[in-house]
Amino acid sequence: MPTPMEAYEKWLNYPHLVPELKEELEAVRGQDDEIGDRFWRDLGFGTGGLRGKIGAGTNRMNIYTVAKAARGIARYLTRASELASCAIGFDSRRFSREYAGLMAAVMAELGVRVHLFEELVPTPILSFAVRYLRCDGGIMITASHNPREYNGIKVYDRTGCQLNDDAAMDVAASIGRHQDLVARLPDYKEYADKGMVRPIGRDVRDAFHEAVLARSIELPPEELHVVYSPLNGTGNRPVRRMLASLPKLRVSVVAQQENPDGEFPTTPRPNPELPEAMELSVQLTEELGADICIATDPDCDRVGVGVRTPEGVKLLNGNQVGALLFHFICEGLRAEERLPEQPVAATTLVSTPMADEIARHYGVKLYKVLTGFKYIGDIINRLERDGGADRFVFAFEESIGYLIGPYIREKDGVGASMMICEMASWYKRQGMTLMDAYEQLEGRYGVFISALETLRYEGRKGEELMRAKMDVLREAKDIAGLKILEKTDYLRDDTGLPRSNVLRFLLEGGRQAVFRPSGTEPLLKLYLTLRCDNRDEGEREMEKFRELAVALCAEEEK
């Protein structure tokens with residue numbers, strides 16, 4: 001494997017390199033750290049696919065790395081079927097449309113029949129299209145909720161589920177067998193004219209809309225005013241269309257974030273988990289006196305939620321919304337006599353333990369899986385193979401991802417937005433806000449406090465440091481001064497789950513700490529949970545716990 005400088009010189013001197021990338025490489029000449037970050041590896045195949053900063057280099061998203069990925073995915077698909085087909089969608093990020101067209105042309109040149117969305121589309125609709133069109137795979141050009149300088153490629157199997165670990169390894173190996181720098185890239189129009197690239201029609205969006213609407217909980221509603229922001233992404237039309245189907249619902253849209261814009265001018269990190277991304281939604285909610293605000297990330301597979309209270313708008317985290325939705329769906333289905341026999345739900349091992357209590361109350365079998373919605377999708381696939389997909393009622397991740405039915409194998413911001421509004425309307429009819437409703441759940445199921453901390457490690461040195469930090473944690477005798485009651489190493493222990501670089505510690509005092517390197521960003525994530533009798537006291541305890549856990553990692557960094 002060439003050194004970063006050798007790879008840099010190869011790219012810089014390549015005679016067919018497009019001018020804009022050549023200029024970018026000229027501009028970083030002599031900047032060893034910058035060159036090293038661009039060329040120390042090929043773009044990594046992580047959670048769901050490829051993701052990286054846009055720019056020149058092997059560790060960047062650009063026309064050459066995208067085309068290389070397309071060749072590898074195409075060869076993977078055509079090995080399984082000579083008549084392989086693939087659905088492709090794209091979001092509002094910079095170059096997403098261009099990358100989608102390039103991938104379509106490259107794959108068509110290699111014999112894959114491509115179905116391409118001609119307008120930007122949410123990730124959940126792409127997942128739905130794979131199943132609806134009976135494709136062999138799917139590709140979504142998106143970096144989801146990452147900062148604006150990123151783009152990426154999510155890869156799906158024939159069920160509309162992100163690739164499982166074995167398939168991901170096969171695809172990564174297939175991509176690795178191809179060159180990045182090539183003299184000629186195929187023209188999209190040529191293959192569209194030949195019928196090898198076909199536009200995806202309106203019927204797919206309509207069928208998706210109906211599939212989501214079929215999951216509606218039709219409990220008596222109350223007049224509800226909701227503020228919505230698509231964060232300059234793909235959610236504007238599908239979410240507003242879905243909300244327009246609900247009775248007694250008034251929707252106000254955040255004007256500055258309404259239209260697609262890959263620069264994300266109002267928030268450089270368009271992640272509705274973050275307070276700064278929700279800021280304009282909160283402001284408009286307070287100005288208009290709306291009941292709630294919701295915001296979807298750029299590819300509309302996640303939803304952030306805020307609730308107007310007498311003390312101002314309060315943001316709910318993914319654990320709180322997940323617990324609220326789980327309880328509401330089970331309660332609503334039971335009231336409508338639609339709760340299936342032997343119902344099934346799923347969440348991740350880093351999500352709130354309140355989900356276990358709700359599952360026990362309603363007799364739901366709850367699966368706890370590794371982080372990554374592909375593991376939840378796999379559970380639904382197994383249910384479907386056994387003829388029991390209708391048993392599935394709900395899934396969520398603490399990272400504000402929710403799925404309200406088995407119509408896709410991916411988290412869905414469109415369906416979740418609908419269900420959140422139905423839930424808020426139902427509780428309002430009872431004189432309660434969603435914050436009141438969550439406090440009621442705490443009274444019934446227990447008080448659980450959760451916190452997420454992230455430490456960023458860029459480039460090769462950062463990855464090495466993260467790996468070393470995890471190894472040190474594996475040998476820890478205590479965590480944040482607390483005795484370890486049980487340790488689970490998902491990379492080395494036989495857990496019944498796929499091997500993954502995740503450490504989970506059950507600690508004295510009803511506390512839990514989980515450490516996991518992100519699969520999509522250069523981050524080490526710390527998930528902290530504790531159970532307590534009183535929320536105010538619990539939040540004070542969590543702050544101490546959080547500070548000590550972060551300090552533990554900071555000490556290892558020195």
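The values are calculated or read from the model by the stated rules, or taken from the named source; none is laboratory data. Because the structure is predicted, anything quoted here is derived from the model rather than measured. With ideal geometry, Cβ positions are generated from the backbone for all residues, glycine too; neighbour counts draw on all protein chains shown. Just so you know, the surface numbers come from the protein's heavy atoms only, side chains and all, with ligands and any DNA or RNA stripped out. Shrake-Rupley method; radii C 1.70, N 1.55, O 1.52, S 1.80 Å.
If you go through the range 211-244 and keep only what is under 18 Å from residue 297 (Cβ atoms) and in a strand (DSSP E or B), you end up with 226, 227, 228, 229. Taken together, the residues in the range 1-35 that are in a helix (DSSP H, G or I), over 12 Å from residue 62 (Cβ atoms) and open to solvent by 20 Å² or more (accessible area, probe 1.4 Å) amount to 12. Within the range 183-192, identify whether any single residue is in contact with a strand residue (DSSP E or B) (Cβ under 8 Å, 6 or more places away or on another chain) and in a loop (DSSP other than H, G, I, E, B), and answer yes or no. No, every residue in the range 183-192 fails to be in contact with a strand residue (DSSP E or B) (Cβ under 8 Å, 6 or more places away or on another chain) and in a loop (DSSP other than H, G, I, E, B). For the range 393-423, name all the residues that are part of a helix (DSSP H, G or I) and open to solvent by less than 10 Å² (accessible area, probe 1.4 Å). The answer is 413, 414, 415, 416, 417, 418, 419, 420, 421, 423.
Scanning the range 521-551 for residues being in a helix (DSSP H, G or I) and open to solvent by less than 30 Å² (accessible area, probe 1.4 Å) gives a total of 4. Against the test of being within 22 Å of residue 523 (Cβ to Cβ), free of Cβ contacts under 8 Å to residues at least 40 places away in the same chain and loosely packed, with under 14 Cβ neighbours inside 10 Å, the options 461, 483 yield a single qualifying residue, 461.
Within the range 332-355, the set of residues being free of Cβ contacts under 8 Å to residues at least 40 places away in the same chain and either surrounded by 19 or more Cβ atoms within 10 Å (Cβ to Cβ) or out of contact with any helix residue (DSSP H, G or I) (no Cβ under 9 Å at 6 or more places or on another chain) (or both) comprises just one member, 337.
The number of residues in the range 464-480 that are in a strand (DSSP E or B) and loosely packed, with under 12 Cβ neighbours inside 10 Å comes to 0. The set of residues in the range 356-373 being outside any helix (DSSP H, G or I), crowded, with 17+ Cβ neighbours inside 10 Å and of a type in the set (D, E, K, R) is empty. Can we say residue 444 is in contact with a helix residue (DSSP H, G or I) (Cβ under 9 Å, 6 or more places away or on another chain), open to solvent by 60 Å² or more (accessible area, probe 1.4 Å), assigned to a helix (DSSP H, G or I) and at pLDDT below 95? Against the criterion (in contact with a helix residue (DSSP H, G or I) (Cβ under 9 Å, 6 or more places away or on another chain), open to solvent by 60 Å² or more (accessible area, probe 1.4 Å), assigned to a helix (DSSP H, G or I) and at pLDDT below 95), residue 444 does not qualify. Filter the range 482-506 for residues that are part of a strand (DSSP E or B) and out of contact with any helix residue (DSSP H, G or I) (no Cβ under 9 Å at 6 or more places or on another chain) and give the result. Once the filter is applied, which keeps residues that are part of a strand (DSSP E or B) and out of contact with any helix residue (DSSP H, G or I) (no Cβ under 9 Å at 6 or more places or on another chain), the range 482-506 yields 483, 484, 485, 486, 488, 504, 506. In the set 98, 82, only one residue is of a type outside the set (A, V, I, L, M), part of a helix (DSSP H, G or I) and surrounded by fewer than 24 Cβ atoms within 10 Å (Cβ to Cβ); that residue is 98. So for the range 446-457 (the condition being free of Cβ contacts under 8 Å to residues at least 24 places away in the same chain and not polar (S, T, N, Q)), does at least one residue qualify? Checking the range 446-457: not a single residue is free of Cβ contacts under 8 Å to residues at least 24 places away in the same chain and not polar (S, T, N, Q). If only residues of the range 85-95 that are of a type outside the set (Phe, Trp, Tyr) and not in a loop (DSSP other than H, G, I, E, B) are counted, the one that is farthest from residue 117 (Cα to Cα) is 85. When residue 158 is tested against the conditions (1) more than 28 Å from the chain's Cα centre (by Cα); (2) closer than 24 Å to residue 372 by Cβ; (3) of a type in the set (Lys, Arg), the lone failure is (1). For the range 251-296, the set of residues classified as under 17 Å from residue 313 (Cβ atoms) and among the charged types (D, E, K, R) consists of 273, 276, 279, 286, 287, 291, listed by residue number.
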